[in-house]
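Let me begin by presenting the structure, written as structure tokens, before commenting on it.
The values are calculated or read from the model by the stated rules, or taken from the named source; none is laboratory data. All of these numbers come straight from a predicted model, not from anything done at the bench. Ideal geometry is used to build each Cβ from the backbone, glycine not excepted, and the neighbour counts take in all protein chains shown. Remember, those area values only see protein heavy atoms, side chains included, never the ligands or the DNA or RNA. Shrake-Rupley method; radii C 1.70, N 1.55, O 1.52, S 1.80 Å.
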Amino acid sequence: MYLPDLNSRITVLDSEDRLITHLGEDQQAYKQQGWPNLPKSYYRPDKFSSPHGVCVDSQGNVYVAEWISDGRVTKLVRQS
């Protein structure tokens, strides 16, 4: 299960709700003044600011939509 976590990460759980990992975690983003509408200069391709939606396609790629002033959608490509 993939859960958007407004603490700047995607939480991944197994079928028994045990934590597998956090994706794109940025423990400083949600502590910044003005969050979630941080300046674009703050954004990094490997970190999230305010993930709000997540879905996974049939190949296991993960798509994350962020709740920020100009919006951002990130595709995480599954590595075999």
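Key figures for this structure:
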read-out: Table column - 3J(HN,Hα) (Hz), segment 19-25, Karplus curve with 6.51, -1.76, 1.60, x for Gly and Pro; value: 5, 9, 6, 10, 9, x, 5
read-out: Asp17-His52 FRET efficiency (beta carbon distance; Förster radius 22 Å; 0.05 resolution); value: 0.55
read-out: Probe 1.4 Å, protein heavy atoms only - accessible area per residue of the chain in square angstrom; value: 66
read-out: Cα-derived Rg over Rh, computed across segment 1-41 with Rh taken as Kirkwood radius; value: 1.10
read-out: Rounded percent of accessible protein surface that carbon and sulfur make up, segment 30-80, 1.4 Å probe; value: 52
read-out: Paramagnetic reach from Ser41 (point 7 Å along Cα→Cβ, amide N under 20 Å) across segment 17-33; value: 28-33
